1. Counting only residues that are outside any helix (DSSP H, G or I) and among the polar types (S, T, N, Q), which one in the stretch 94-128 is most open to solvent (accessible area, probe 1.4 Å)?
2. Does any residue in the stretch 138-167 that is of a type in the set (F, W, Y) come within less than 8 Å, Cβ to Cβ, of a residue that is assigned to a loop (DSSP other than H, G, I, E, B) six or more places away or on a different chain, and which pairs are these?
3. I need a count of the residues in the stretch 1-53 that are loosely packed, with under 10 Cβ neighbours inside 10 Å and under 28 Å from the mean Cα position of the chain (by Cα).
4. K27 fails exactly one of the following numbered conditions: (1) over 30 Å from V147 (Cα atoms); (2) of a type in the set (K, R); (3) in contact with a Pro (Cβ under 9 Å, 6 or more places away or on another chain). What is the number of that condition?
5. Considering only residues that are in contact with a strand residue (DSSP E or B) (Cβ under 9 Å, 6 or more places away or on another chain), within 18 Å of R91 (Cβ to Cβ) and not small (G, A, S), which ones fall in the stretch 112-167?
Amino acid sequence: PEKCEAVAKAWSDHLKPAAVHKISALKRDGIDALLAAIVERLPESPAFYDKGQLSDRYERFFATEIIRGQVFDLYGEEIPHATAVMIEQYRESKAGDQIMATLYVERDGQKGIILGKEGGALRRLEDRARAQIENMTGRPAQLEIWVKVRSNWRKDPKSLKEFGYLG
């Protein structure tokens, strides 16, 4: 406690007029006061987006990320880093969205892993991604994913740009 007080005093003198907050992450002491002080100091600003708009990105961007996320969840450590997802078509309607995506891998062996025995792994990927997309949009969705090989796409600037990894 003595060391804590000395450090707090030194920082208080150095950081005037800002406040020094003593916390214990282990005991969770002082955390509520720290959060309240942070919120109190946050500046008011106009909203970034219109009411009801959550992002500046379109649903097809989120569909891409949902599919990529499912690839990370379902496949081992090597495969997800060698995949890229492109939404080829995204048709929205109140009756349900129709989404066609291509999942690119770098080698034929990776394609086989993504597909799985008789396409079972790919169907599982589609089912899980579809459920998350439907949860996001609040509408039914049809999702079709094609798997294609594009050798060494991670080393190809043209492919990296096409897939949105380079500006």
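The values are calculated or read from the model by the stated rules, or taken from the named source; none is laboratory data. Values in this document were obtained by computation on a predicted structure and should not be read as measured data. Neighbour counts run over all protein chains shown; Cβ positions are idealised from the backbone, glycine included. Remember, those area values only see protein heavy atoms, side chains included, never the ligands or the DNA or RNA. Shrake-Rupley method; radii C 1.70, N 1.55, O 1.52, S 1.80 Å.
1. Q98
2. Once the first residue is of a type in the set (F, W, Y) and sits in the stretch 138-167, its partners that are assigned to a loop (DSSP other than H, G, I, E, B) give W153/E106; W153/F163.
3. 14
4. In the conditions (1) over 30 Å from V147 (Cα atoms); (2) of a type in the set (K, R); (3) in contact with a Pro (Cβ under 9 Å, 6 or more places away or on another chain), K27 misses (3) alone.
5. Within the stretch 112-167, E126, R130, I133, E134, T137, R139, P140, Q142, L143, E144, I145, W146 meet the criteria.
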